[in-house]
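In what follows, a single structure is set out as structure tokens and then discussed.
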Amino acid sequence: MSLGLDNHRWYALQVRTRWEVSTSFLLSGKGYQTLLPTYRHKKSWSGKLKEISAPLFPGYVFCRFDVRNRLPVLITPGVIAVVGRGKVPVPVEDGEIAAIQAVVSSGCHAEPWPFLELGQRVCIESEPLQGLEGILINFKGNHRIVLSVSLLRRSVALEIDRSCVRPLGAQATVLEPLASRRLLSEVVA
């Protein structure tokens with residue numbers, strides 16, 4: 001292979017469930033650079049608490065290769081597909097890979113988290129605001145989210161920790177009676 005690494009980009013590979021480690025090992029054995037970020041967490045087995053290592057991105061392995069020569073990657077046991085739009089592979093941004101590598105090498109505790117975007121509908125999961133729905137409008141400081149509450153046609157902004165919020169699916173209804181669900185909406189300045 002006389003090609004330089006100029007054409008080699010990082011791609012996310014969708015892999016079979018619980019095949020992340022094996023697939024990463026097999027790809028490394030073929031000479032590809034892989035990235036499988038993991039985290040430590042406690043799991044209960046047979047009444048005993050054990051600390052195990054699990055992938056930060058379950059079902060995915062990052063691999064650096066030339067997309068024009070992807071067949072050896074695709075035929076690797078465990079690989080389902082190269083992530084992309086339709087059948088066109090899309091590389092992962094270099095800055096995102098660098099950020100993941102920095103987190104892994106720092107030794108800081110990291111764990112999987114639902115993807116949250118500005119403008120996305122979310123639901124608060126902890127008391128005293130449990131069940132409150134809203135729109136994510138801003139991140140503030142360290143792991144903070146700013147939401148606006150629309151109650152009685154008035155807006156109130158509240159700050160809440162991101163660990164108390166989960167994304168809502170597309171099936172969430174926007175217009176329900178105020179008595180059954182309090183709605184949040186973005187503050188209009």
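Numbers at a glance
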{"quantity": "Pair list, Cβ < 8 Å and 6+ apart or interchain, from the stretch 100-123 residues that are under 21 Å from Leu136 (Cβ atoms) and open to solvent by 60 Å² or more (accessible area, probe 1.4 Å) to residues that are assigned to a loop (DSSP other than H, G, I, E, B) and not hydroxyl-bearing (Ser, Thr, Tyr)", "calculated": "Glu111/Leu56; Glu117/Leu136; Leu118/Leu136; Leu118/Ile137"}
{"quantity": "Residue among Arg166, Arg154 that alone is at pLDDT 80 or above, open to solvent by 80 Å² or more (accessible area, probe 1.4 Å) and at negative phi", "calculated": "Arg166"}
{"quantity": "Selected residue (criterion: surrounded by the fewest Cβ atoms within 10 Å (Cβ to Cβ)) from residues of the stretch 31-89 that are touching a helix residue (DSSP H, G or I) at 6+ places or on another chain (Cβ under 6 Å) and over 15 Å from Thr17 (Cα atoms)", "calculated": "Asp66"}
{"quantity": "Test: residue in the stretch 21-42 that is of a type in the set (S, T, N, Q), part of a helix (DSSP H, G or I) and modelled with pLDDT under 90", "calculated": "no"}
{"quantity": "Residues being without any contact (Cβ under 8 Å) to a residue 60 or more places away in the chain and touching a strand residue (DSSP E or B) at 6+ places or on another chain (Cβ under 9 Å) - total across the stretch 68-81", "calculated": "4"}
{"quantity": "Residue list for the stretch 98-132, restricted to those being small (Gly, Ala, Ser) and part of a loop (DSSP other than H, G, I, E, B)", "calculated": "Gly107, Ala110, Gly119, Ser126, Gly131"}
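The values are calculated or read from the model by the stated rules, or taken from the named source; none is laboratory data. Predicted model only: the values in this text are computed from it and were never measured. Positions of Cβ are backbone-derived with ideal geometry, glycine not excepted, and every protein chain shown enters the neighbour counts. In case anyone asks, the SASA skips ligands and DNA or RNA and just uses the protein heavy atoms, side chains included. Shrake-Rupley method; radii C 1.70, N 1.55, O 1.52, S 1.80 Å.
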